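Computed from the coordinates by the stated procedures, all read-outs in this text should not be read as laboratory data. Remember, predicted model here, so these are calculated numbers, not experimental data. A quick note on method: Cβ atoms are made from the backbone with ideal geometry, for glycine too, and the neighbour counts reach across all protein chains shown.
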Amino acid sequence: MNDVTDLSPTIKPKSDQLNADDLLTGSMDVKITDVKGGSVEQPVHIHIEGQQPYKPCKTMRRVLISAWGANGKDWIGKSMTLYCDPSVKFGGVALGGIRISHLSEIQGTMNLMLTASRGRKSQVVIKPLIMEDIDLRVVAKECGYSEHDVCHTYNPPMKSFNDITDISGCAAFLQANKLLNKE
């Protein structure tokens, strides 16, 4: 290794999963490519682009199910921000763990009171993740809308997707309408 301009690969743990140590240098936005069942100890394996699988703890699984529903296949294509929380304890010792701070396709900030340990709850706050590279054509199609429908119901009406300046807001609106129309 002659190039020392980025030494971060030298500290990656040798593991079959994403670890809190992988996030010591900062949070990471990831896109879910698949969700599979695992073992009794780690029952959910979330496959993400370009990384080892993320195997969320029970608290983070509760967050994901609260936000996106219990069907893991519905999570595919969605995104989240993962970070290392150094206060996470295992066996009474603060070793650090992976937490979620942001999720795509949620309508607003989520404030959840979840069990932290026996008899003790703590607040978990999850914020909406706005992806910068949103393709409105793809979002509209996934939500069952044509470009014409979206542009003519937009206030004020637009001629094409290219005229819409608040792309993330429009995408969130389409996704929220899809969820409302499902119920």
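Return Ser146, Ser101 ranked ascending by Cβ neighbour count within 10 Å, so the fewest neighbours appear first.
Numbers: Ser146 11, Ser101 16.
Ranked by crowding around the Cβ, least crowded first: Ser146, Ser101.
Just in the stretch 1-106: which trypsin sites (Lys or Arg not before Pro) are loop by DSSP and have at most 11 other Cβ atoms within 10 Å? Numbers along the way, then the final one.
Numbers: sites: Lys14, Lys31, Lys36, Lys58, Arg61, Arg62, Lys73, Lys78, Lys89, Arg99; in loops: Lys14, Lys78.
Sites meeting the loop and neighbour criteria: Lys14.
Please give the length that would be gained between Asp16 and Lys127 if that part of the chain were fully extended, namely 0.36 nm times their separation in residues minus their C-alpha to C-alpha distance (nm, one decimal). Kindly include the intermediate steps, with their values, before the conclusion.
Values: separation 111, 0.36 × 111 = 39.96 nm, distance 2.83 nm.
Roughly 37.1 nm would be gained on extension.
Please compare each pair in Lys31/Lys159; Lys78/Lys121; Lys31/Lys55; Lys31/Lys121; Lys31/Lys127 to a cut-off of 22 Å on the Cα-Cα distance and tell me which ones are over it. All intermediate terms of the calculation are to be shown ahead of the outcome.
On the way: Lys31/Lys159 31 Å; Lys78/Lys121 27 Å; Lys31/Lys55 14 Å; Lys31/Lys121 29 Å; Lys31/Lys127 16 Å.
Over 22 Å apart, Cα to Cα: Lys31/Lys159; Lys78/Lys121; Lys31/Lys121.
Which value at 222 nm does the chain reach when only helices count, each DSSP H run of 4 or more adding -39,500 (n - 2.57), with the total divided by all residues and rounded to the nearest 500 deg cm²/dmol? Could you put the intermediate results ahead of the total?
On the way: 4 runs with 42 residues, N = 183.
Theoretical 222 nm ellipticity from helices: -7000 deg cm²/dmol.
Would you mind ranking Met60, Met158 so that the residue whose beta carbon has the fewest other beta carbons within 10 Å leads the list?
On the way: Met60 22, Met158 17.
So the ranking, lowest neighbour count to highest, is Met158, Met60.
Using the charge dipole of the chain (Lys, Arg: +1 at Cβ; Asp, Glu: -1 at Cβ; taken about the Cα centre), state which of Ala94, Asn71, Ile126 has its Cα farthest towards the positive end.
Among Ala94, Asn71, Ile126, the one farthest towards the positive end of the dipole of the chain is Ala94.
Just to be sure I understand the curve: with the Debye formula and one point per C-alpha of the stretch 8-128, what is log10 I(q)/I(0) at q = 0.11 Å⁻¹?
Each listed q maps to, in turn, -0.36.
Rank the residues Val63, Val35 as a footprinting-exposure proxy: fewest other Cβ atoms within 10 Å of their Cβ go first. Before the final figure, lay out each step's value.
Values: Val63 22, Val35 18.
The most exposed by this proxy come first: Val35, Val63.
Sorting check: for 92-98, 117-123, which peptide has the highest mean count of neighbouring beta carbons within 10 Å, and how do the rest follow?
Values: 92-98: 13.7, 117-123: 8.3.
Output ranking for 92-98, 117-123: 92-98, 117-123.
How long are the semi-axes of the ellipsoid equivalent to the stretch 1-66, from square roots of 5 times the Cα gyration tensor eigenvalues, in whole Å, largest first? Don't skip to the end; give the middle numbers.
On the way: eigenvalues 138, 30, 25 Å².
Sorted largest first and rounded, they come to 26, 12, 11 Å.
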